[in-house]
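Just below is one structure, and these are the notes that go with it.
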Amino acid sequence: MVEASTRETPAPAVPASGPRRFTLRQRVVLRLIIWAGYWVIRLIGPTLRVCISREEGAQETLEQRPLIGSFWHACIIPATYMCRNLGVRVMSSNSYDGEYMGRIIRKFGFVAVKGSSSRNAVRALLGLRRALEQGWTVAFSLDGPRGPRHKVKPGPVALARSSGVALSMYHMAIDRGWVLNTWDRLIIPKPFSRILLRFGKLIPVPPDASDEDIERYQQELQESLDRVCEFAEENVNRVGAAEFPYYGRT
């Protein structure tokens, strides 16, 4: 069981760019999605029964920083609740989908940095590097914003090389949830679901790593995420047993 430490109040979330223009219909739908998404997380989150498990050499606590965290997009809902109010910096897409997700997570204390793996990536990575230099953790939903599902992209490894901050990764398996018919198979946990959060061993990337080395570290990150995902999914039904005790904070 990982003990929780005192959480610091994050710096105010400042949008990375000016407001994006949407049609009236889009703005109305946006408000509805943000309202619904916030309250789904806000109401279901406190009921979740969570266990935190870690490989040897993994990060010690959720509050540890700075780190470059990675996870699959499907578990973004429980991840948003578990990592709330930690000031985590995340890459937020300029797309319509990215806009509402960015606004929802800001309500939980995250700070969005505009960009995506396909557009404005360099600007976003520079913003995330500045956040790491200031001592914050940054996080990637690695197969977002639109897949391919469960495939690692090069951004986190390149950021680790340039910043000197280690890669961390985790998966959150859910024993009972609603699986949406979306590209990522997004999961909405049912109230009182059991969740197993599994951290993988930290991966440092040296600043003098060659492009060939980067490919190797990217493959290592892929294998690590696959491994913690498999472990969590296989053991989530054992959460609450002696070897998988509940996390002390909700």
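The values are calculated or read from the model by the stated rules, or taken from the named source; none is laboratory data. Everything numeric here is computed off the predicted structure, so don't read it as measured data. All Cβ positions, glycine included, derive from the backbone under ideal geometry; neighbour counts span all protein chains shown. SASA here: full protein model, heavy atoms, side chains in, ligands and nucleic acids out. Shrake-Rupley method; radii C 1.70, N 1.55, O 1.52, S 1.80 Å.
Largest accessible area first, the listed residues Trp183, Trp35, Trp178, Trp136 line up as Trp35, Trp178, Trp183, Trp136 when surface is computed with a 1.4 Å probe on the assembled protein chains. With N the number of residues in the chain, Rg(Cα) / (2.2 N^0.38 Å) evaluates to 0.96. Taking only the C-alpha atoms of segment 200-250, the Rg (one decimal) and the largest Cα-Cα distance, Dmax (whole number), read 16.0, 45 Å. Solvent exposure of the chain, expressed per residue, is 50 Å² of accessible area, with all protein chains present and a 1.4 angstrom probe. Taking amide H atoms as placed 1.01 Å from N in the peptide plane, the amide H of Lys201 lies under 5 Å from those of Glu55, each 5 or more residues away in sequence or on another chain. Normalised by the number of residues in the chain, the mean separation of alpha-carbon contacts (under 8 Å, six or more apart) gives a relative contact order of 28 percent. Per-residue extension of 0.36 nm, minus the Cα-Cα distance of Trp39 and Val179, leaves a gain of 48.6 nm for this segment. Cross-link reach is defined here as a Cα-Cα straight distance under 14 Å, omitting same-chain residues fewer than 8 places apart; for Lys107 the aspartates and glutamates meeting it are Glu99. The accessible-area ordering, largest first, of the residues His171, His73 stands as His73, His171, per a 1.4 angstrom probe.
With a 1.4 Å probe rolled over the protein heavy atoms of all chains, the accessible area of Thr182, Thr80 falls in the order Thr182, Thr80, largest first. Other residues whose C-beta falls under 9 angstrom from the C-beta of Ser193 contribute a net charge of +3, scoring Lys and Arg +1 and Asp and Glu -1.
Solvent-accessible surface (1.4 Å probe) assigned to Leu167 amounts to roughly 0 Å².
Annotation: Met82 carries an accessible surface of approximately 10 Å², with a 1.4 Å probe and no ligand, DNA or RNA atoms counted. Under 28 Å of direct C-alpha separation, and excluding same-chain neighbours fewer than eight residues apart, Lys114 reaches these lysines: Lys151, Lys153. Rounded to 0.05, the FRET efficiency of the Arg31 and Asn85 pair, given R0 = 25 Å and the Cβ-Cβ distance, is 0.60. Here's the list of aspartates and glutamates a cross-link from Lys190 could span, going by alpha-carbon distance under 12 Å and ignoring same-chain residues fewer than 8 apart: Asp175. If R0 is 30 Å, the Cβ-Cβ spacing of Asp226 and Tyr246 corresponds to a FRET efficiency of close to 0.70.
Can you check what the net charge comes to around Asp213, using other residues whose Cβ is under 14 Å from the Cβ of Asp213 (Lys, Arg +1; Asp, Glu -1)?
Charge balance near Asp213 sits at -3.
How many percent of the accessible area of the chain is carbon or sulfur, using a 1.4 Å probe?
Taking all protein chains in place, the chain shows 53 percent carbon and sulfur surface.
Accessible area of Phe108 (1.4 Å probe, protein heavy atoms only, ligands and nucleic acids ignored): about 0 Å².
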